[in-house]
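Q: My questions will all concern the structure given below.
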Amino acid sequence: MSTMERILRLMSEKKASDVYLSANAPALIKINGECIPINNQVLPPDAPRILLSGIVPAERIEELEETGEVNMGVPIS
């Protein structure tokens, strides 16, 4: 299981609505309107793109690179 899949499963367990992946900051999940770090590990600059590349279609990665953000839903099973 990839790191991103583990993050998505944690979101499901905690009933989180969003995940925020930003360079030089820990990954955050949003629970009941509050952003909470999933751990204290700061993501290196390339980590958000690397984490998403395993679950997000290539055109959405291009959108991320062009705009600096991508908003989408990802089903997990």
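Q: Carbon-plus-sulfur fraction of the accessible area of the chain, 1.4 Å probe, in percent?
A: Values: 2600 of 5310 Å².
It is 49 percent, rounded to a whole number.
Q: Right, next: From the list [x] 5.1; [y] 5.5; [z] 6.6, can you say which value of mean projected area of the Cα convex hull in nm² was derived from the structure given?
A: Only one listed value fits the structure, namely [x].
Q: Which trypsin sites (Lys or Arg not before Pro) in the stretch 1-67 pass both tests, a DSSP loop state and at most 11 other beta-carbon atoms within 10 Å?
A: Listed in order of number, the matching sites are 15.
Q: In Å², and per residue, what accessible area does the chain have when probed at 1.4 Å with the other protein chains present?
A: Heavy-atom SASA per residue in the chain reads 69 Å².
Q: Note down the magnitude of the dipole of the chain about its Cα centre, charges +1 on Lys and Arg C-beta and -1 on Asp and Glu C-beta and zero elsewhere, to the nearest 20 debye.
A: Around 460 debye, computed over the chain.
Q: Separate question: Around residue 6, what is the net charge, scoring Lys/Arg as +1 and Asp/Glu as -1 over all other residues with Cβ under 14 Å from its Cβ?
A: Neighbourhood net charge equals 0.
The values are calculated or read from the model by the stated rules, or taken from the named source; none is laboratory data. This structure is a prediction, so every number in the text was calculated from the model and none was measured. Because the Cβ atoms are built from the backbone with ideal geometry, glycine has one as well, and the counts that use them run over all protein chains shown. Calculation scope for accessible area: heavy atoms of the full protein, side chains included, ligands and nucleic acids excluded. Shrake-Rupley method; radii C 1.70, N 1.55, O 1.52, S 1.80 Å.
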